[in-house]
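See structure below.
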Amino acid sequence: MASGLDTKINSYTLEKGLEFSAAVTTTPPQTGSITAKTLSLSNTAAIAYQSTVNPLFGSGSWQLTMTGTEAAPVSAPRVTYNTLEQYDVFRDGDWSLGFWWKLNTQMISTRSSNVWAISPSASATQPGVLIQYNGTNAINNAGKLSINYGGNNNVPISGVISLNTWYYIAVRRQNINSATNFNVYINGINTLASTWAVLTGTTSVSVARWGDTNAYANYSWSISNSYYTTSAIIGASQIAEIYAAGVGTVGRTVKYYNGTAWVDSSAQKVYNGTAWVDWNAKRFDGTTWVTI
């Protein structure tokens, strides 16, 4: 059963949605018009399903524990989906993707570790996209998220990451003539706007993955409620709405009693006995009362 957060995400008719709301020995529940061919997991012992750890209105998450040392890295958990086999779309087409991510323990290292990627490369000849978390002792972007795309490497996309805090990461790529608008959003805010030229590289592997094959220090993070679409229909306003749903800054559908039954409020209006007026309900955010 879809969670409240996924219901919001799926309202945009996505091609693919994952909740990570099942044990790691099974394929996570899938929504959308395209289903995964296979799900492969590396080092399953280091992946734990947490049924009660998720963004607000979410439905659980997978905790990935990266084990190893800089001197002797070992295989870390990796979730690979072959649903992105339509490689040409990611090379020169429109697409968007989002997911929720939380850092559980700090990575004290000079290295970086993959969080999410499409295809195995982010070089100038292969149109891969890679988001990575940089260790607290890294020379560049220490303790931050950065992105590699289209030959642009280690571009910062966040401030220093706070522990045990859910972040909503969204990436959108949309063609305009011979170039592409490329945008990255952290918590609904556009942190990177760039041009990504259409590339012609080829690759034998076309996958989406969360996790890394080389974890250079002990640390862990969690993944929850993800999606992708290959029509780039998720824009800035939808990204902001999904983030708001995941942190609880928007209310659920307002109802009013029409004399017979409770029905959805029309255009967020309610009837006060004389006229239709704007709904001005408040909610307590833990500190103050704010408008829904």
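Coordinate-derived values only; no laboratory data. These numbers come from a predicted model, not from an experiment. With ideal geometry, Cβ positions are generated from the backbone for all residues, glycine too; neighbour counts draw on all protein chains shown.
Put a dot 7 Å past each Cα toward the Cβ at Thr288 and Thr105; how far apart are the dots in nm?
Calculated label separation equals 3.9 nm.
If you add up the charges near Ser146, with Lys and Arg at +1 and Asp and Glu at -1, over every other residue whose beta carbon is less than 15 angstrom from its beta carbon, what do you get?
+1
Per 0.36 nm of contour for each residue apart, how much would the distance between Thr260 and Ile139 grow if the chain were fully extended, relative to their Cα-Cα spacing?
Between Thr260 and Ile139, full extension yields an extra 37.0 nm.
If I take R0 = 22 Å and measure r between the Cβ atoms of Ala193 and Leu163 in this structure, what FRET efficiency does the formula 1/(1 + (r/R0)^6) give, to the nearest 0.05?
0.20
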